[in-house]
Amino acid sequence: MMSDVICMCTGLQLCDVISKWETALREKGSGKFENTRVIQLTYKNRLYWRHSAKMETDRERLLLCYQVNQQVINSRFPLNRELALELSALMAQIDFGEYNSDKGRGSGGVGGNPHHHVLQALDKFYPYRYKDGLSPDELRELQEKLTDKWASLKGRSLLDCVRIYLTCTRKWPFFGATLFQARVRGPGEGGMVWLAVFEDSVTLLELDTMQPVAKYPYTSVVTFGGCQDDFMLVVSAEEGGGSQKLLFSLSKPKVCMIQCQVDSRELCWLRIKSVVGLVIGRSTSFGVSCLRTWALDKLADAVGLLVALFCPHGLLRMELWLLLLAAVLCRLR
């Protein structure tokens with residue numbers, strides 16, 4: 001069974017994935033298919049958790065690079081032209097290998113035409129908004145700049161480029177968040193914003209500068225979901241003054257997508273907090289001193305975040321593990 005990971009563009013369909021897999025199988029094998037084996041295709045779109053960064057595998061980091069690249073080329077990541085060129089060169093080195101190599105190593109499976117590789121790199125990794133409206137001379141100059149940046153990475157391994165790429169992009173506070181462009185509904189019909197669904201909150205970002213406008217932690221979210229043709233988010237007021245209903249205009253497919261994102265991240269975050277609270281409650285119910293309670297609080301919080309965020313989909317196993325920790329802490333009274 002072939003175990004290669006193939007990073008696909010978001011617009012491709014299942015048949016494109018199968019075709020890509022068959023092409024890779026022919027290139028690596030004898031050109032024939034074995035009908036006696038079961039083929040299993042697994043789709044992964046990783047939710048990012050900041051606390052689990054140190055435990056990421058090399059493949060997870062590589063997948064993150066491709067996911068962030070999709071945000072970069074679709075103007076969902078704040079960067080200038082110079083940074084966009086640097087990131088494009090890194091992705092070209094990751095996907096195609098070293099510039100002017102005899103044979104392309106990337107997922108495109110293209111032969112060793114350096115000029116063609118540069119054009120492909122611009123198409124796949126450079127933001128669309130910075131390419132629109134360029135004259136032929138400006139486009140040629142951009143290709144030359146990318147060629148120089150790419151050639152300067154000679155000798156850099158794939159893991160080196162992945163590390164540099166993620167080190168650079170992780171500096172943005174909303175790295176890993178899923179962004180949705182929406183129009184604020186309500187009195188006066190507000191302007192367009194980004195809805196950033198992150199691990200602990202939903203944040204509104206200004207459309208052009210991508211600076212935060214408002215932040216709504218999951219602990220303050222009363223309910224959310226589709227409301228006719230809009231996405232509704234109901235949050236509790238800061239000073240106990242009831243709740244606030246927010247409406248955002250999105251397409252129906254986007255409403256479904258943001259519901260799934262909020263539901264997945266909110267469920268994980270709140271269940272972490274509830275289990276950690278149970279651990280702390282179990283330990284304090286036996287009359288532990290204030291200082292010791294503070295230490296247990298920090299310990300439980302750290303263990304809850306580390307274990308759960310390392311394996312965000314293994315919540316049941318995480319809960320059982322923390323309940324066992326609670327039993328141990330109870331004996332420390």
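The values are calculated or read from the model by the stated rules, or taken from the named source; none is laboratory data. Nothing here was measured: the structure is a model prediction, and the numbers come from that model. Ideal geometry is used to build each Cβ from the backbone, glycine not excepted, and the neighbour counts take in all protein chains shown.
Regarding V202, is this residue of a type in the set (A, V, I, L, M, F, W, C) and more than 21 Å from the chain's Cα centre (by Cα)?
Details: of a type in the set (A, V, I, L, M, F, W, C): yes; more than 21 Å from the chain's Cα centre (by Cα): no.
No; evaluated as a whole, the condition is false for this residue.
Among (1) charged (D, E, K, R); (2) modelled with pLDDT under 90; (3) surrounded by fewer than 14 Cβ atoms within 10 Å (Cβ to Cβ), where does R81 come up short?
Of everything listed in (1) charged (D, E, K, R); (2) modelled with pLDDT under 90; (3) surrounded by fewer than 14 Cβ atoms within 10 Å (Cβ to Cβ), R81 misses just condition (2).
With without any contact (Cβ under 8 Å) to a residue 12 or more places away in the chain, part of a helix (DSSP H, G or I) and either hydroxyl-bearing (S, T, Y) or outside the structural domain of Y99 (by TED's automatic domain parsing) (or both) as the only criterion, which of T167, T223, T219, T147 stands out? Steps first, please.
On the way: T223 fails: part of a helix (DSSP H, G or I); T219 fails: without any contact (Cβ under 8 Å) to a residue 12 or more places away in the chain; T147 fails: without any contact (Cβ under 8 Å) to a residue 12 or more places away in the chain.
It is T167.
Considering each residue of region 117-144, count those that are in contact (Cβ under 8 Å) with a residue 24 or more places away in the chain and closer than 29 Å to E60 by Cβ, and give that number.
Of the residues in region 117-144, 12 are in contact (Cβ under 8 Å) with a residue 24 or more places away in the chain and closer than 29 Å to E60 by Cβ.
For the list (1) basic (K, R); (2) assigned by TED's automatic domain parsing to the domain that holds R156; (3) buried (at least 16 other Cβ atoms within 10 Å of the Cβ); (4) modelled with pLDDT under 80, I need the number of the one condition that K20 fails.
The one condition K20 does not meet is (2).
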